[in-house]
Amino acid sequence: MVGGALLIAGLAGCVGSQTDTAPSGPATDAGSLPHFNHIVVVVEENQNYDRLVSAQDAPEINSLMQRGAVFTNYRVLTHPSQPNYLALFAGSTFGLISDACPQRLTGPNLASELIAAGKTFTGYSEDLPQPGFTGCFANGDTYARKHNPWVNFDTVPASVNQPFSAFPSDFTQLPTVAFVVPSQYHDMHSGPVSDGDTWLHDNIEPYAQWAVNHKSLLVVTWDEDDGTTDHILTLFVGANVKPGKYGEPLKHTDLLRTIEALNGLN
C-alpha cells in the first residue's frame, strides 16, 4: 500500500475520507467497497479546474462530469509533470523536481502490487513506438517518457508498457487496472482543449458507456494545472458511481490509495 487517504465519496455505499495525510491504513472497511472488474485511469495535462468546468469547447468532459462524481477540491502535489505521475503510480515523488530522463527507480508501485496479488496492470501510451520502449521521446516528441512512470521501475515487466493501439476493443480483455496516457498533443499539453476533448470522445467514451453496466470504472484526471491555482479536475464515471460534486481535499496519492483499496491492496 503506497497511496494516501481514500477517495471514494462518489461510490455507492462508501464514505470518503476528509483527510489529506501521508500514507495510512484503510479509511473504511474494505468490505464496504464496490468491486470493479476493470479500472481505466486517463491522465491529461496542464489545465486548471476552472478552465475545464466552464469549457464551451469540451462537450465530452462536460458530459462525463454530468454523469459522474466530480471531485472539486483536488490539488496537484508539485510541478512539473514527472513527480506528479510518479506520485499517482507509486505514492511518492522520489524527490524529483524535474522531468529529467531517464529515471531508474525502486520500491513498490501500483503495477508491482497488482501483479503480486495475482491481478493485472497495463499502461497504454499513445505514440509509444513499440511495446517496452524505454526511450525518452518518440514520434516528434508526442510521446514523452516523463508521462510514463511504469517504465522507470525494474519491478514492472516491460510487457505492460504498451502503445495505445493495443487498448482492446473488447473491454472484457482489459487488465484489472489500466492507465491511458494520450500523446502530448491529445492530452492538452501541446494541443488545444478541444482536440483533447475530441480524442476522449472518440477513444474513451465507448468504455465510459460500457463501464456503467459491466462493474467497471473510468477515472479522468490531470497531472497538474497550468501553474496558476494547483487546482485540477478529477472525475469518476461507471458502475456504482453517484453523480454529483464532492468537496473533500484530495491529491494524487489519495487516488492511488483508492485504486489500491478497490483491489484489496492493503
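The values are calculated or read from the model by the stated rules, or taken from the named source; none is laboratory data. Given the structure is predicted, the values throughout are model-derived calculations rather than measurements. Cβ coordinates were reconstructed from backbone atoms using ideal geometry, including for glycine residues, and neighbour counts include every protein chain displayed. Just so you know, the surface numbers come from the protein's heavy atoms only, side chains and all, with ligands and any DNA or RNA stripped out. Shrake-Rupley method; radii C 1.70, N 1.55, O 1.52, S 1.80 Å.
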Computed magnitude of the charge dipole of the chain (debye, nearest 20; Cβ of K, R +1, Cβ of D, E -1):
760
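About the Cα centre of region 85-176, what is the dipole size in debye to 20, counting +1 per Lys and Arg Cβ and -1 per Asp and Glu Cβ, all else neutral? Walk me through the numbers before you get to the answer.
Numbers: 4 positive and 7 negative charges, 40 e Å.
Computed about the Cα centre, the dipole is about 200 debye.
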Anyone know which of Val156, Val212, Val177 comes out most mobile in the 10 Å Cα GNM of the chain?
Val212
Highest-fluctuation residue, Leu105, Leu128, Leu33 considered, GNM on the chain with Cα pairs under 10 Å:
Leu105
One finds the C-alpha centres of region 38-112 and region 122-161 to be spaced, in Å, by 17
For Ser190, residues with placed amide H under 5 Å, excluding near neighbours
Tyr185
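Take the solvent-accessible surface of the protein heavy atoms, probe 1.4 Å, and return the percent of it on region 48-156 that carbon and sulfur atoms account for. List each step's numbers first, then the result.
On the way: 2230 of 4280 Å².
Heavy-atom surface of region 48-156 belonging to carbon and sulfur, 1.4 Å probe: 52 percent.
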Quote the relative contact order of region 144-226 in percent (integer), defining contacts as alpha-carbon pairs under 8 Å separated by 6+ residues.
16
Using Cα pairs closer than 8 Å and at least 6 residues apart in sequence, work out the relative contact order for the chain, in percent.
39
Where only alpha carbons of the chain are counted, the Rg and the Dmax (Å)
16.6, 47
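Given a 1.4 angstrom probe, I'd like the percentage of the accessible area of region 179-236 that is carbon and sulfur, rounded to a whole number.
On the way: 900 of 1890 Å².
Percent of accessible area from carbon and sulfur atoms in region 179-236: 48.
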Quick check: from the Cα gyration tensor, does region 80-217 come out rounded (a/c under 1.5), prolate or oblate?
oblate
Amide H proximity to Ala138 below 5 Å, modelled H, separation 5+ or other chain, gives Tyr143
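Hand me the chymotrypsin sites (Phe, Trp or Tyr not before Pro) from region 151-206 located in a DSSP loop with no more than 10 other Cβ atoms within 10 Å, in residue order please.
none
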